[in-house]
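Encoded as structure tokens, the structure appears first; notes follow it.
What follows is calculated from the coordinates using simple rules that are stated; it is not laboratory data. None of the values given here were measured: they were computed from a predicted structure. Counting neighbours? That spans all protein chains shown, and the Cβs are built from the backbone with ideal geometry, glycine included.
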Amino acid sequence: MTQECVHPGCGSTEKPMRRGMCYTHYWQTREENNELDTCSQDDCKNHATRRGLCGKHYKQWLKLNTRACSIKDCEKPAVGRSYCMAHYNKWSKYGDPLASAPRKNCIWGGCNKEVVISRSGTGLCAYHQKRQWRKDHPESDGSFNAARRARKRNQFKEFVDRTVLFKRDGGLCGICELAVDPGNWHLDHIIPLAQGGEHSYANTQVSHPACNLKKGTKILQGVA
């Protein structure tokens, strides 16, 4: 339920609401009731918020009086147990401000890269995670590669779903017009990307791998 400011004649629903009043009338009322102190800094007439200082001068005081992190060569301000935020988080998580996250070698055969256990649920490094995904999703990998090539050439691109494209073309090769193997076919660009074609449904078709490789970057006769 929306709360309205109780100050006479206001009725504002502005937030934050304090003492039933909007922010403006809350501070105005406190000032009228002499509930506010003035900043103790010379020539400053702003209201005091902490340690007798206004917000601006309190930040300056905090910067001058905050201790540096107790870890050697770390100049960040201490926030807890004399540690900066980064070292304090390590202390609270591992019990040691200098501890590092547990790591292990990538489980991909022959890869010696280390991965952070808590970040990699698969046990693979970033490079091999991508390779594994491409291996598990061959139907999408070709579309993403084609979109990447079109992006490099600053050509129009859209995501082309291979399943949608196969159903649209009825499983027939757009080059020889014969049926293709549903588990082994290429996404062919009618006007090749190298010739300025776009990566879109309008410029793609199903094709046999052999037909697509034979065509290469040529534009077939009869294609505008």
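Could you calculate the contour length gain from Leu178 to Asn105, that is, 0.36 nm times the residue separation minus the distance between their Cα atoms, to one decimal place in nm?
Numbers: separation 73, 0.36 × 73 = 26.28 nm, distance 4.81 nm.
Extra length from Leu178 to Asn105 when fully extended: 21.5 nm.
Lys45 sits among other residues whose Cβ lies under 14 Å from its own Cβ, and their net charge, with Lys and Arg +1 and Asp and Glu -1, is -3.
Highest mean first, how do 164-174, 57-67, 181-191 rank when packing is the count of other Cβ atoms within 10 Å averaged over residues?
Details: 164-174: 14.5, 57-67: 12.0, 181-191: 16.1.
Averaged packing, sorted descending, gives the order 181-191, 164-174, 57-67.
Neighbours of Ala68, meaning other residues whose beta-carbon lies under 12 angstrom from its beta-carbon, give a summed charge of +2 when Lys and Arg score +1 and Asp and Glu score -1.
Would you mind getting me the FRET efficiency between Leu213 and Arg119? Use the beta-carbon distance for r and R0 = 30 Å, nearest 0.05.
Values: r = 40 Å, r/R0 = 1.33.
The calculated FRET efficiency here is 0.15.
Spacing of the modelled spin labels on Ala194 and Tyr23, each 7 Å from Cα toward Cβ, amounts to 6.1 nm.
Taking the Cα atoms of the chain, the ratio Rg/Rh between the radius of gyration and the Kirkwood radius comes to 1.29. The loop-placed trypsin sites (Lys or Arg not before Pro) in segment 78-121, going by DSSP, that have at most 13 neighbouring Cβ atoms within 10 Å of their Cβ come out as Arg81, Lys113, Arg119.
Students often get this wrong, so check it: of Lys130/Lys214; Lys90/Lys135; Lys72/Lys113; Lys76/Lys152; Lys59/Lys104; Lys157/Lys215, which have C-alpha atoms separated by over 32 Å? Intermediate results must be reported in sequence, preceding the final value.
On the way: Lys130/Lys214 29 Å; Lys90/Lys135 36 Å; Lys72/Lys113 29 Å; Lys76/Lys152 41 Å; Lys59/Lys104 43 Å; Lys157/Lys215 21 Å.
The pairs that break the limit, which is 32 Å between Cα atoms, are Lys90/Lys135; Lys76/Lys152; Lys59/Lys104.
Computed on the Cα atoms alone, the convex hull of segment 113-192 gives a volume of 133 cubic angstrom per residue. Within a straight-line Cα-Cα reach of under 17 Å, Lys45 can be paired with the following aspartates and glutamates, leaving aside sequence neighbours fewer than 8 residues apart in one chain: Glu31, Glu32, Glu35, Asp37.
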